Amino acid sequence: MLVEMFFTEMVKALPVEARNLVDGLPMFKSEKELQYAPLQAADLLAWHLRREYETGEKLPRTNGLLGEHGHLVQEIPDEVLRGWASHHATLPGVPLIQSKRQWKDFRTDLKKLIDAGIDPSKVTGPGIYYSKASTALGRTIDCFRRRLFGSRHLSP
């Protein structure tokens, strides 16, 4: 659910030409499954190429990973990356999830919402949310309970 929420928003921010190249959500599979070996090899090559670019030194293994027909490489200019960073910094909630601790807390809270039957992508701000399975009668009773007793007496 978390990947779907963020990936969907990321794709919306892409230029139309790039959006047309995206075919569905990312899939996370085990590297032990042989059918994904080409993807693992591409990931390994991308890691080596990025490391060479960042450090300026040639890694001995990189040439062995390159194919004889070459590879598609897309360089993203620094100004584009800065633009993405500026854009994402304006998204609601981003300042709340910038440290590892904040991410861990966020994932814990997100799991609680999902376990309660609440779709986190429908949460638009502070408030009271109900699962899809809750009945209109249950919501009405809860509303009256909150009005009569206040929020500190919500426990059934």
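Tally time: how many residues in region 1-27 are touching a residue at least 12 places away in the same chain (Cβ under 8 Å) and in a loop (DSSP other than H, G, I, E, B)? Total satisfying the criteria: 4. The single condition among (1) at pLDDT 85 or above; (2) surrounded by 10 or more Cβ atoms within 10 Å (Cβ to Cβ) that GLU33 does not meet is (1).
In region 94-102, the count of residues that are at pLDDT 85 or above and either among the β-branched types (Val, Ile, Thr) or open to solvent by 70 Å² or more (accessible area, probe 1.4 Å) (or both) is one or more.
Which one of the conditions (1) touching a Leu at 6+ places or on another chain (Cβ under 9 Å); (2) modelled with pLDDT under 75; (3) assigned to a helix (DSSP H, G or I); (4) not charged (D, E, K, R) does TYR129 fail to meet, given that it meets all the rest? In the conditions (1) touching a Leu at 6+ places or on another chain (Cβ under 9 Å); (2) modelled with pLDDT under 75; (3) assigned to a helix (DSSP H, G or I); (4) not charged (D, E, K, R), TYR129 misses (3) alone. Screening region 46-93 for residues that are in contact (Cβ under 8 Å) with a residue 24 or more places away in the chain and open to solvent by 70 Å² or more (accessible area, probe 1.4 Å) and picking the one that is farthest from LEU110 (Cα to Cα) gives HIS71. Out of all the residues in region 134-144, is one or more in a helix (DSSP H, G or I), at pLDDT 75 or above, of a type in the set (A, V, I, L, M) and loosely packed, with under 10 Cβ neighbours inside 10 Å? Yes, region 134-144 contains a residue that is in a helix (DSSP H, G or I), at pLDDT 75 or above, of a type in the set (A, V, I, L, M) and loosely packed, with under 10 Cβ neighbours inside 10 Å.
Look at (1) within 24 Å of VAL11 (Cβ to Cβ); (2) open to solvent by 90 Å² or more (accessible area, probe 1.4 Å) and you find that PRO126 fails only one, number (1).
The values are calculated or read from the model by the stated rules, or taken from the named source; none is laboratory data. It should be emphasised that the depicted structure is a prediction, and the values quoted were computed from it without experimental measurement. No Cβ is skipped: glycine too gets one built from the backbone with ideal geometry, and neighbour counts run over all protein chains shown. Remember, those area values only see protein heavy atoms, side chains included, never the ligands or the DNA or RNA. Shrake-Rupley method; radii C 1.70, N 1.55, O 1.52, S 1.80 Å.
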